[in-house]
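To start, the structure under review is shown below, and the notes come after it.
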Amino acid sequence: ARGSAPEPPDLTPGKEYVLLLEDTGDAAYTPVNSTQGWYAVEAGAAIPGPANDVSLSPGVREALHLK
């Protein structure tokens, strides 16, 4: 519906994730969007969500010590 917030990613407590956040300018951060703003971390690799076709850059993966 118009004006409604996007559905948040389905995150599981105890698991690791990479979240891409946007600085809102008022000391708060929000995910860049609900499909491309998160990656699960499994076996040292960032795994994009099912609707995310954007990969993390080699520099970001290196900085985060991910495959």
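The values are calculated or read from the model by the stated rules, or taken from the named source; none is laboratory data. Keep in mind that what you see is a predicted model, and the values were worked out from it rather than measured. Calculation scope for accessible area: heavy atoms of the full protein, side chains included, ligands and nucleic acids excluded. Shrake-Rupley method; radii C 1.70, N 1.55, O 1.52, S 1.80 Å.
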- Message: Taking volume of the Cα convex hull per residue in Å³ straight from the coordinates, which label in (i) 79; (ii) 149; (iii) 125 is the correct one?
- Response: (iii)
- Note on the structure: Contact order relative to length for the chain, counting C-alpha pairs under 8 Å separated by 6 or more residues, stands in percent at 24 percent
- Message: For the full complex of protein chains and a 1.4 angstrom probe, list 53, 26 by accessible area with the highest value first.
- Response: 53, 26
- Task: For 39, 17, 29, give the ranking by accessible area with the largest first, probe 1.4 Å.
- Result: 29, 17, 39
- Item | Distant-in-sequence amide H partners of residue 47 (H built 1.01 Å from N, under 5 Å) | 40, 41, 42
